[in-house]
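Asks: Let me begin by handing over the structure; questions about it come next.
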Amino acid sequence: MEKPDESGFSQLNGPFTREKKRRSFSHSQKGSKNDVFPVEEDESTTPEDVDAQETRQKRFTSSLQGNRFEELRRLRDKEREDAIQKGLIDDPSKPRQLDEAVTFVGTCPDMCPEYEREQREYQNNLERWEINPDSGRVDKNLAVKAFHRPAAGNEQALPSDVRPPPVLKKSLDYLIDKIVCGPYPLETTHFFVRDRTRSIRQDFTLQNNRSLEAVACHERIARYHILCLHQLCEKKNFSSQQEVEQLRKVLQSLCEFYDDLRKEKISCPNEAEFRSYSILTHLRDQDVVRQSQLLPTDIFDDPQVQLSLRLSALAQKNNERIGHLLPLNTEATPNLYTRFFKLVASSSVTYLMACLLESHFTSIRKGAIKAMRKAYMSVHAKFPCVDLQRILQFDALDNVFEFCEYYALEVYEENGEPVVNLSKTGFFDDSKPDTTQRFSHALVEKKLDNRSFAVIINGGTTSIKAAKSSVFKKDARPIFPVNKPISNVETRSVTNGSHKNSVLSRGTLNANAPVFKPGSSPSVLRTTLNTQLPRSDSQSLLSIPSEETITSLPPPVIKKPSLVRQKPMFSSDDLNLIFQSIVKHTLTSLCGRICKEVYEGFIDETAKSIYYSMVKNIIRFSSLKTLAIEICNSTLKKRVFSRITLKARECWLKKREREVQQLREQQQQEHYKVVLSSLLGASCLNNRRTHGSRVFNGDYNAKNVLASEQIRLEHDRIQNFWKEEDIYSFLKLLNNQVLSSTWHLLIFSASNKPSIHHWFRSKLGLKCSSNPSIWSSTHNILNRDYTLLMPETLESLPTKRMCYGACIYDLGLVEENAYNSPSMCNGLNSEKSAMNDPLRDDLFSFLRVVSNRTTTKFPLLLVMWTKGDYATENYVERLKFMDIITSSWSAVSSIHVLTIKTIEDAKLGESLKLLLSNVSSEQSPSFQVEQVCQINRKREAEIQLNATHKKRPVRRTIPLFQEEVMKGRDDFSYALSNPGNESDSLTLLREKIKKAQELLNKVQTTK
């Protein structure tokens, strides 16, 4: 059966009409002459069509005369064996390494190999452009090699099946000049040209050819695919997806060619152009910017590449529906669709770039409608269709109506003008896929500017090689009109009275040509031209001979009359002239010889000086190199010796530290021995003699066991007192809470005793940080950082705002009088000492600093070291826990007390667990004030900006308590007060005091 191609035309052999419905006539290898198929005739069939069908039926039912397919197929195996024996192709039966592979070189001199021509004619697989209209058979000058899809089981290609690069270029020239730019429509020849260009690329790949010829052919093929994407977008049988697939393959091959040629120091003039096309084919790919940054600087800075990157940035969207096959959204995209269409309409975007961008117009317009619906208020929802056409660059209003109807947008008339409803409440069906690509006249087609397809495909420059080949061919017809001067053609001129060869010039006048004068007699010139120019017919005067036929003109033959020899007569002037000529000739030869000798001497001296200077420079460079090597070696020796010395010093110091450590251990053991001997006493050795007899008391072993048990218990107590707490298990309690990325536990000791500082560092595992005055440790649990900070002084605390989630404050050793309540003291001095309590003042100053620098509220753990036993109410009243919790500046959420009287009371782990269980995520008062101020400043800036641009005044929404916020930031009481209603402020204040009392009642203390 006949197989219709993509353009709708069947692949029948013959120049007959194919509009009528008929059956195809295929003949097999075993077909006979009597196999005649009936022809279905239509009612409108004319007698001419019937005759043509009968003629074609007779031709295909008979055997093909002169077809050599069977003969060539029998010779195929022998040709393959000869090629393998000569080393032209690899032997499939002998495996080889990759570096031993044979370089494949094609030898086919025609556009289509002879074997394929005969095979496709035998199988009735010829296109109508490959058939000679006079004979109805395949034509050698018209047939082009078809694309063969590589598959398993296909035979290996022979050198005679593959065309070399010059033949491939000739085939591509034929396809573009005769088929694409011929009298046929582009959609008619598209399937044929696309298949043949794939075959051309396949032959380049088989030969692994990456030369400049391959680059030029691939560039022209890529331009052809881009042109078809625009010209055939609305045709019925055209598939833009398949066209884009072939285009991307061509561009990928070109990018590889450019990279390989750059390694060989070969530059391609059109690399930037096709790099920009590669970027535009992946317009929505977010990785295209990163890949383009890997290009060389001269290519990346090219205006075409920069323009493509700018178009790619303007085409990104962030309101696309999320789907499996949909492109991804790009974050922080402004959706500048107006700038995109203005840039496409500008002259900086070429015709081919616009053809590539045309397929993305519908997607960008859809994103623009979604952005406009979300941005416009209900007052401006009625958008004129004329303005929408201007903004989104539609060709006509009908295209706008069709676009709105496809996405179910409401279009109606208002005041005689069509408007579209872009309200948020209106219906918009964005679940539909993008509309099909439409042919754009306003943005794309007007950039063609009356240029032919050949100019576009060949890169904007017309090729005159085909014209020259047809002009200078023998028996060629003239291509120039008679009434116009002929330019760019080789002309011939003859110099009058000279015997030199003829001079050829192109496109310019010959300065040596004879000047025609009316009175001169050009008989010699006329005779010469008449003898050289061949006799021609009516058209030969306008034909131009080839370069091989252009020969030099012979000199004219003039017969001189015979003269009678006479005796010469010389005068004195003649003799003087002869003498001067002889002297001149002699001096000329003598001066020439002298000048030659002087020149040769100068050359010798110059060569010697150059040679001596070169030797000196070589010696100098060699000595400098030797000196540099010696200096380098000495420097290396010094560095190695210094490093060895430093390493030896470090080893000596480590050895010294080990000796000191061993000495300390020995001293400690001796100390333990002394303590043990003191505990045992003299009674441990209760051995005595009485009257010469030996008496044993019996308590010796019991006393030793008791003493060693006491020492072990004391050692365990001390070890538990200094043992590090398991901070990791405590911090796990915070995983279920919503905290900031970095959470801090602040430890501060107001005591001046180093032992207390050392105890906190040992219990919490703190280490010295980059700041010598701050001890810290960081724990990472489930990708969250927990930091423990212990500054030595309040001034060394970091000034920036942090998240202090909990706080431990050490009051130090509190004496007995420190627990006496001010109410128990009598007299004026007692009242003054209660008012000026340094312990309480230091605590309040510390809490003020931390409250101003934290972002959240925190629980507080107070650690007190004492020797007496006193009630909790004493230090609660003395340190004023009520004031700490109820103060507006305070960020303390709860207070816990740890009183340490003995070693057994130093249970920091239990208190730490209780402290972390009360961690709060509520913001601190100072941080709330700061956020309110920032919001107010931002609103004031927006009001000032709107006022400077003379826009509609924005309604002021600044709270009434803004002035109080700016006056006093340390006191947060303004949040509870309202000048308009004093009763409400008092009620709020009472409620807050009540909550503070409830918190105070829940204060838990541990002994």
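Asks: Cross-link list 249/432; 637/767; 265/596; 145/366: which exceed 32 angstrom alpha carbon to alpha carbon?
Replies: Going by Cα-Cα distance, 637/767; 265/596; 145/366 fall outside the 32 Å limit.
Asks: Place the peptides 797-804, 627-634 in order of packing, highest mean first, counting for every residue the other Cβ atoms within 10 Å and averaging per peptide.
Replies: 797-804, 627-634
Asks: Set the Förster distance to 25 Å, then compute FRET efficiency between residue 995 and residue 735 from the Cβ-Cβ distance, nearest 0.05.
Replies: After rounding, the FRET efficiency stands at 0.35.
Asks: Still on this model: Would you mind checking which residues have amide H under 5 Å from residue 318's amide H? H placed 1.01 Å from N; only 5 or more apart, or other chain.
Replies: Counting only residues 5 or more places away or on other chains, the set is 330.
Asks: Give me log10 I(q)/I(0) at q = 0.10, 0.16 Å⁻¹ for region 71-284, Debye formula, one equal scatterer per alpha-carbon, no solvent.
Replies: Values, matching the q order: -0.51, -1.21.
Asks: In what sequence, highest mean first, do 891-903, 745-757, 93-105, 712-724 appear when ranked by Cβ atoms within 10 angstrom?
Replies: 891-903, 745-757, 712-724, 93-105
Asks: Compare the peptides 786-795, 355-364, 431-440 by average per-residue count of other Cβ atoms within 10 angstrom and give them in order, highest first.
Replies: Ranking, from highest mean packing down: 355-364, 786-795, 431-440.
Asks: Shifting gears a bit: Work out, step by step, the length gained on full extension between residue 96 and residue 584: first 0.36 nm times the residue separation, then minus their alpha carbon distance; give nm to one decimal.
Replies: My answer for the length gained is 167.8 nm.
Asks: Moving to a separate point now. Can you give the charge dipole size of region 575-680 about its Cα centre, rounded to the nearest 20 debye, using +1 on the beta carbon of Lys and Arg and -1 on the beta carbon of Asp and Glu?
Replies: 480
Asks: Specify whether the C-alpha gyration tensor of region 106-213 places it in the rounded, prolate or oblate class, a ≥ b ≥ c being the square roots of the eigenvalues: rounded for a/c under 1.5, otherwise prolate if a/b is larger than b/c and oblate if not.
Replies: Because a/c hits 1.5 or more and a/b fails to exceed b/c, region 106-213 counts as oblate.
Asks: With each label point set 7 Å from Cα along the Cα-Cβ vector, what nm distance links residue 784 and residue 933?
Replies: Rounded to a tenth, the inter-label distance reads 3.0 nm.
Read the figures in this text as sums done on the coordinates, not as results from a lab. Since we're looking at a predicted model, the values are computed, not measured. Methodologically, a virtual Cβ is constructed for each residue, glycine included, from the backbone with ideal geometry; neighbour enumeration extends over all protein chains shown.
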